[in-house]
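First the structure, in the form of structure tokens, and then the observations on it.
The values are calculated or read from the model by the stated rules, or taken from the named source; none is laboratory data. Fair warning: this is a prediction, and the values are worked out from it, not measured in the lab. When we count neighbours, we look across all protein chains shown, and the Cβ atoms used for this are built from the backbone with ideal geometry, even at glycine. Ligands, DNA and RNA are excluded from the accessible area calculation, which covers all protein heavy atoms including side chains. Shrake-Rupley method; radii C 1.70, N 1.55, O 1.52, S 1.80 Å.
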Amino acid sequence: MSRRHTDGGTDGRRLGRRQWLSMLGVGGATALAGCSGSGDGGDGSDGNETDGSDGSDGGTDRSTYSTAAAASFTTLNPIYNDENGAGNAIARALDQGYTFNADNEYVPLLYDMSTEDGEVWTFEVREGLEFSDPYGEVTASDFVYLIQEIHQGGWASSVSATYWTGVEVEQTGEYEFQAALGSPSLLWPESYEPLLYPIPEDLLQPYVEEEDAEGLRQDEELLELQFSGNLGPYVLDEWQRDGGTQYSRNDDYYLQDADDLPDVFNEAPYFEEAEIQVLGEQASRLGALETGAVDSAAIPPERVQEYREKDGIYVNRVPQPYNEKLSVNMRDNGWTTGPGNMFRHIPFRQAMAAAIDKQSLIQGVFRDFAETHFTWQPRFSNFYPPEEDIPRFGVGENYGSEYARGLAEEAFEQSEYDYGFDGETMVDPDGNQVQLSLYHSAGQETEQLMGEFIAQELGSNLGIDVSLEAIDGTRFDTEYYTTTDFPTPERNEEGEVTNVPDELVDTVNGEEVEWTSPTATNPGPRNVTGNEDWDMEIVYGLNTFPRNPLTNSVFFDGPTGSYNPVGYYPEFDARELFDTAEQATSEEELADALVDIFVNLAEEQPYIMLAFPDSTVGYREGLEGPVEDFSNGWNLPAWRYEQ
């Protein structure tokens, strides 16, 4: 099943719940632990799950593949699950359509995808796929029915409904169907929007006829994955609702007969049983790794050397796309130190980036297990700009007091207010030292250390007095970062906007801009704010979507982008560049537009970009399969202990 075109795309302005969840790294960068790849987070883990098998050298049972999760699962219904931990539990027994290997190549699992122009995509369903009795063979009809009647039906509220809006789907053969998009999308597979589970048409039909969403949500066959046939490496034997899951080997796993995958899949999976335990405390998960009760666990950076010296354990360094950045509040409830808002001036944000020593941050806080962050992509991205085209704030000659203060002076000249320096101290128009708050998640030691370092650097190099504040992440989100109390446009019965209130209109770069679709994360112009004032935060890291950078349009396609809690107004024509990228019909055209975007973002620093921490993952000695790559876990069914 060869893929004729390896690139595909998405409309970055549509964002479903699964993408929203994958966007945020709450409480620091996400720690990934070798899970089955299913999203733009590298291996699909949310940092609360560890994957492994009982593999110590002391005679422990290597026939059971045992993993650990930090919490129990809300649902295992593939149509309604939106949690990473439960997604990994489902993946033990049910594959999705495709994945990406360590070379970032599309790997067909249930189906191949191909396109000639990026607008019409052909899905070729692998033959030999079987549901459990009485549902029979998997054909194109099952996928088309799922899309048209569930995701596009308007009644079921499936988690994938948003992804299929406006997509015309047609069955063109017993094992083939086509999807026509509204415009070319060369990164559609990389968006994971066309990633489908196989669900029997006959199982769904009674709920479709009655439009019974609650019955569909609670269906026992879906919750227990009783229909999975030969479609996953293991068979789910038991799901304890307040505990974990138990599996047995699927002797009929379809990938054993696949001739388009590495030979190691011919005997997959390599364990007779599998289980996911619920171990709520990190200490418990690390202890389980040490005793061989699980095969892998995320290792805190400060303990990597300790675990590398332990017998029976090795530690991998896995790059991932979640960043550590400093958010600066450009809305009216930001820059609480005085009049105006210096965060709104590009040279001032550049000054802040230049004042923070990225390499010392990485060495001191992340123990060297991170990469410097200069633009909104990690270096392993195919769309990372040439290094010579982007400013490298915070390293070398672009770091230090003299350089940062020079940039700040440029910003002062742009401001209508008389900010300046009094000796080593940055002062407001009244001559008082500039004082700013910096929020971090309570109980997060790494964040606290990072906050202390940032405060010290901004004090030493820019003369700013920074007060560090610990806060519960949920409280910061609801009271500071976002708001649900915002004005809304008037609409007619057809949903068309008929009037936009003045509060949702602002002048941006000399043009009048209307917020016609305000959201909690972008409730309107800078005058629309959360309930509480705040200056800076490091509570959230964000996904940079290296496989599908078009998704970053929700952050940066203009002042009205779906996710803009900081009130960033691009001063380059971001919307035009994203439009060019989204409408590209060649890889060269797409790459050129995306590189231009990331060059401009490096210049404008909408967030002060700091670092990309790696996942540091410990495995039991002898476990083969994990790779030190963003795609770690793509081949999870073939992980094994060599005898």
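Scanning region 348-359 for residues that are open to solvent by less than 10 Å² (accessible area, probe 1.4 Å) and either in contact with a Cys (Cβ under 7 Å, 6 or more places away or on another chain) or not in a loop (DSSP other than H, G, I, E, B) (or both) yields Phe348, Arg349, Ala351, Met352, Ala353, Ala354, Ala355, Lys358.
Can you tell which of Glu124, Glu170, Glu190 is within 30 Å of Glu587 (Cα to Cα), acidic (Asp, Glu) and in contact with a Lys or Arg (Cβ under 6 Å, 6 or more places away or on another chain)? Don't jump to the end; show me each part of the working.
Working: Glu124 fails: in contact with a Lys or Arg (Cβ under 6 Å, 6 or more places away or on another chain); Glu170 fails: in contact with a Lys or Arg (Cβ under 6 Å, 6 or more places away or on another chain).
Matching residue, one of Glu124, Glu170, Glu190: Glu190.
Has region 69-81 got any residue that is in a strand (DSSP E or B) and in contact (Cβ under 8 Å) with a residue 12 or more places away in the chain? If you could, list the steps in order and put the result at the bottom.
Step one: list which residues in region 69-81 are in a strand (DSSP E or B), which gives 69.
The next check asks that each one be in contact (Cβ under 8 Å) with a residue 12 or more places away in the chain; those that pass are 69.
Yes, some residue in region 69-81 is in a strand (DSSP E or B) and in contact (Cβ under 8 Å) with a residue 12 or more places away in the chain.
Restricting attention to region 618-643 and to residues that are over 24 Å from Asn548 (Cβ atoms) and of a type in the set (A, V, I, L, M), the residue that is farthest from the chain's Cα centre (by Cα) turns out to be Leu623.
Go through region 555-571 and give me each residue that's of a type outside the set (D, E, K, R) and either in contact with a Pro (Cβ under 8 Å, 6 or more places away or on another chain) or over 15 Å from Thr516 (Cα atoms) (or both). Steps first, answer last, please.
Keep residues of region 555-571 that are of a type outside the set (D, E, K, R), which gives 555-556, 558-570.
Hits for region 555-571 are Phe555, Phe556, Gly558, Pro559, Pro565, Val566, Gly567, Tyr568, Tyr569, Pro570.
Just wondering, is there one or more residues in region 365-385 that are over 29 Å from Arg303 (Cα atoms) and surrounded by fewer than 17 Cβ atoms within 10 Å (Cβ to Cβ)? Yes. Within region 372-393, identify whether any single residue is among the small types (Gly, Ala, Ser), under 30 Å from Asn104 (Cα atoms) and under 25 Å from the mean Cα position of the chain (by Cα), and answer yes or no. Within region 372-393, one or more residues are among the small types (Gly, Ala, Ser), under 30 Å from Asn104 (Cα atoms) and under 25 Å from the mean Cα position of the chain (by Cα). Taking strands (runs of 3 or more DSSP E) as the structural unit, those lying wholly within region 406-483 and holding at least 1 residues that are within 30 Å of the chain's Cα centre (by Cα) and among the acidic types (Asp, Glu) correspond to 465-471.
Identify all residues within region 314-326 that are farther than 22 Å from Gln377 by Cα and either open to solvent by 20 Å² or more (accessible area, probe 1.4 Å) or of a type in the set (Gly, Ala, Ser) (or both); write none if there are none. Before you say what the answer is, go through the steps one by one.
So in region 314-326, the residues farther than 22 Å from Gln377 by Cα come out as 314-315.
Of everything in region 314-326, just one residue is farther than 22 Å from Gln377 by Cα and either open to solvent by 20 Å² or more (accessible area, probe 1.4 Å) or of a type in the set (Gly, Ala, Ser) (or both), namely Tyr314.
Within region 139-156, restricting attention to residues that are free of Cβ contacts under 8 Å to residues at least 60 places away in the same chain and in a loop (DSSP other than H, G, I, E, B), the residue that is most open to solvent (accessible area, probe 1.4 Å) is Gly154.
Of the strands (runs of 3 or more DSSP E) lying entirely inside region 527-643, the ones with 1 or more residues being surrounded by 20 or more Cβ atoms within 10 Å (Cβ to Cβ) and touching a His at 6+ places or on another chain (Cβ under 8 Å) are found at 608-613. Of all residues in region 574-590, those being touching a residue at least 24 places away in the same chain (Cβ under 8 Å), touching a helix residue (DSSP H, G or I) at 6+ places or on another chain (Cβ under 9 Å) and closer than 18 Å to Pro546 by Cβ number 5.
Select from region 421-480 the residues that are under 25 Å from Tyr399 (Cβ atoms) and of a type in the set (Ser, Thr, Tyr) and write down the one among them that is surrounded by the fewest Cβ atoms within 10 Å (Cβ to Cβ). Only one residue tops the list, namely Ser467. Here is the figure for region 484-526: residues that are in a loop (DSSP other than H, G, I, E, B), surrounded by fewer than 16 Cβ atoms within 10 Å (Cβ to Cβ) and charged (D, E, K, R) total 4.
For region 327-347, residues that are hydroxyl-bearing (Ser, Thr, Tyr) and either open to solvent by less than 10 Å² (accessible area, probe 1.4 Å) or not in a loop (DSSP other than H, G, I, E, B) (or both) total 1.
Here is a yes/no grid of residues against (1) open to solvent by 20 Å² or more (accessible area, probe 1.4 Å); (2) under 28 Å from Val294 (Cβ atoms); (3) free of Cβ contacts under 8 Å to residues at least 40 places away in the same chain:
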{"residue": "Asn88", "(1), (2), (3)": "no, yes, no"}
{"residue": "Asp95", "(1), (2), (3)": "no, yes, no"}
{"residue": "Ala102", "(1), (2), (3)": "yes, yes, no"}
{"residue": "Leu109", "(1), (2), (3)": "yes, yes, no"}
{"residue": "Glu116", "(1), (2), (3)": "yes, no, no"}
{"residue": "Glu137", "(1), (2), (3)": "yes, no, yes"}
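Regarding region 412-422, can at least one residue be identified that is under 17 Å from Ala353 (Cα atoms) and out of contact with any helix residue (DSSP H, G or I) (no Cβ under 7 Å at 6 or more places or on another chain)? Looking through region 412-422, at least one residue is under 17 Å from Ala353 (Cα atoms) and out of contact with any helix residue (DSSP H, G or I) (no Cβ under 7 Å at 6 or more places or on another chain). Within region 401-446, the set of residues being among the hydrophobic types (A, V, I, L, M, F, W, C), modelled with pLDDT of 95 or more and under 30 Å from Glu281 (Cβ atoms) comprises just one member, Leu438.
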